[in-house]
Amino acid sequence: NRKIHYKHNRSSSTITMAKRKSRSTSVNKKKEKIEEIDVEEGVKNTKQKNIEITVDDDESDKPEVEQEKFEVVDEDISSEEDDEDAPEVMEIGSSEENDEKIDEEDEEIIGEEEKDVPELKEVPSFPSDGRYHNKQRCLVLCSRGVTARYRHLLEDLRTLIPHHKKESKLDVGKSGSTGKAVTDIAEMKNCNTVLYLECRKRQDCYMWIGRSSEGPSAKFLLNNVHTMDELRMTGNCMKGSRPVLTFDSSFNKVSHLKLLKSLFTDVFGTPRGHPKSKPFIDRIMAFYYADGMVWVRHYQIMQGQAENAKEANLEKKEHGTAENTSLVEIGPRFVLNPIRIFRGSFGGQTLYQNPDYVSPNEIRAKNLRAKGNTYFGRKQAQNKRKTRKENVVLPEDPLAHVFN
């Protein structure tokens, strides 16, 4: 009894098992073919032989069949149990029939695999595991000597920034460095960003925004400040909710505005999962660039529903949805006039300087000069009137002494 292995010499494809039959019938057929070949060559070897068989077709039109090889290995089969456990032998047929059968089996296997594969679900771009990873903290403080308006503005900003760290008023004295003091406080509080209000002469307020460790930082002049208590707006939002930050198109075009956009995002953008924040988005902070200044507004997102079907149909025709979304201003509102952008924290190399910036001291001096010019003009008019009266001389009246 011999065990026969089939090898195919073609490099293009490997023929796999197409149809299986019982081992006894296939082995008998192979034994007869091998004995005929051994008699013709005059060689009989019972150990192992490589035999090449060429098949010649009678019809000349048919293409020649490639050579095929058989590998014969002697093996003793002792019992019927060994016959059952032995590997099955593949029946050799034409390559085209084998390819067709292989393709059918592959299609069946692929169909079964496709049934077993589960359907893919859409995965969000930012999957959340419910943990607090982006640990951003913002230090919010002001200098000593701040007025009531700017103190109320500071409280409003702390309300809008739930990830802030509170600090008392800063007083470094005449010889101290404000930037170094603020940086040291931020390091002690483990804060990444800083928002500092510096008030001078109890009338000018400057806002510093930047990163505490290595910078950059930006200095602004605050103008047109209106707090929430002053405006009495009808808008309202949940305290601690995360805002949607919207920026004007110019923030993507101008180089220094791109840097300011990243700073505003770090300071006013509430990180997801912060313990003091709420997992809701019901407000918008808008930043617009006009007249060389940044205009900041704060709105509430209102979701209105139509009262009847007619209004719902009109809303759907105009806006595409039956719900009406609108914005209601909450406050505060203020204008930031950029002065300089520094490379470091509260100092260092100047990255940008506003050429159109005019100091409020110069504006006040100009106004005082205008008032001084008015006073000078009034005094000049008085002197002219006096000299004119002195120069006017009345002629003597010849009849003045007649009745004396």
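The values are calculated or read from the model by the stated rules, or taken from the named source; none is laboratory data. None of the values given here were measured: they were computed from a predicted structure. Methodologically, a virtual Cβ is constructed for each residue, glycine included, from the backbone with ideal geometry; neighbour enumeration extends over all protein chains shown. All accessible areas refer to the heavy atoms of the entire protein, side chains included, with ligands and DNA or RNA removed. Shrake-Rupley method; radii C 1.70, N 1.55, O 1.52, S 1.80 Å.
Within the set Val294, Val328, the sole residue that is β-branched (Val, Ile, Thr), surrounded by 18 or more Cβ atoms within 10 Å (Cβ to Cβ) and part of a strand (DSSP E or B) turns out to be Val294.
Scan the range 303-324 and tell me whether some residue there is β-branched (Val, Ile, Thr) and surrounded by 11 or more Cβ atoms within 10 Å (Cβ to Cβ). There is no residue in the range 303-324 that is β-branched (Val, Ile, Thr) and surrounded by 11 or more Cβ atoms within 10 Å (Cβ to Cβ). Residues in the range 196-233 that are assigned to a strand (DSSP E or B), farther than 20 Å from Gly292 by Cβ and out of contact with any Leu (no Cβ under 7 Å at 6 or more places or on another chain): Glu198, Cys199, Arg200, Arg211, His226.
Exactly one residue among Ala322, Ala365, Ala312 is at pLDDT below 90, of a type in the set (A, V, I, L, M) and either within 28 Å of the chain's Cα centre (by Cα) or part of a helix (DSSP H, G or I) (or both), and that residue is Ala312.
Look at (1) part of a helix (DSSP H, G or I); (2) buried (at least 16 other Cβ atoms within 10 Å of the Cβ) and you find that Gln300 fails only one, number (1).
For the range 159-189, filtered to residues that are surrounded by fewer than 21 Cβ atoms within 10 Å (Cβ to Cβ) and among the polar types (S, T, N, Q), the residue that is farthest from the chain's Cα centre (by Cα) is Ser175. Checking each residue in the range 234-272 for being assigned to a loop (DSSP other than H, G, I, E, B), open to solvent by 40 Å² or more (accessible area, probe 1.4 Å) and either over 18 Å from Val140 (Cα atoms) or among the acidic types (Asp, Glu) (or both) picks out Thr234, Asn236, Met238, Asp248, Lys253, Val254, Arg272.
Has the range 353-366 got at least one residue that is touching a strand residue (DSSP E or B) at 6+ places or on another chain (Cβ under 6 Å) and either surrounded by 17 or more Cβ atoms within 10 Å (Cβ to Cβ) or of a type in the set (A, V, I, L, M, F, W, C) (or both)? Within the range 353-366, one or more residues are touching a strand residue (DSSP E or B) at 6+ places or on another chain (Cβ under 6 Å) and either surrounded by 17 or more Cβ atoms within 10 Å (Cβ to Cβ) or of a type in the set (A, V, I, L, M, F, W, C) (or both). For the condition within 21 Å of Val335 (Cα to Cα), polar (S, T, N, Q) and buried (at least 18 other Cβ atoms within 10 Å of the Cβ), Ser212 does not qualify.
When each of Asp156, Asp204 is tested for being more than 31 Å from the chain's Cα centre (by Cα), open to solvent by less than 40 Å² (accessible area, probe 1.4 Å), at pLDDT 90 or above and not hydrophobic (A, V, I, L, M, F, W, C), the lone residue that passes is Asp204. Across the range 273-291, the qualifying residues are those that are open to solvent by 20 Å² or more (accessible area, probe 1.4 Å) and of a type in the set (Lys, Arg), and the one among them that is nearest to Glu329 (Cα to Cα) is Lys278. Within the range 143-158, no residue that is within 12 Å of Asp229 (Cα to Cα) sits with its Cβ atom under 9 Å from a residue that is assigned to a helix (DSSP H, G or I) and open to solvent by less than 20 Å² (accessible area, probe 1.4 Å) at 6+ positions apart or across chains.
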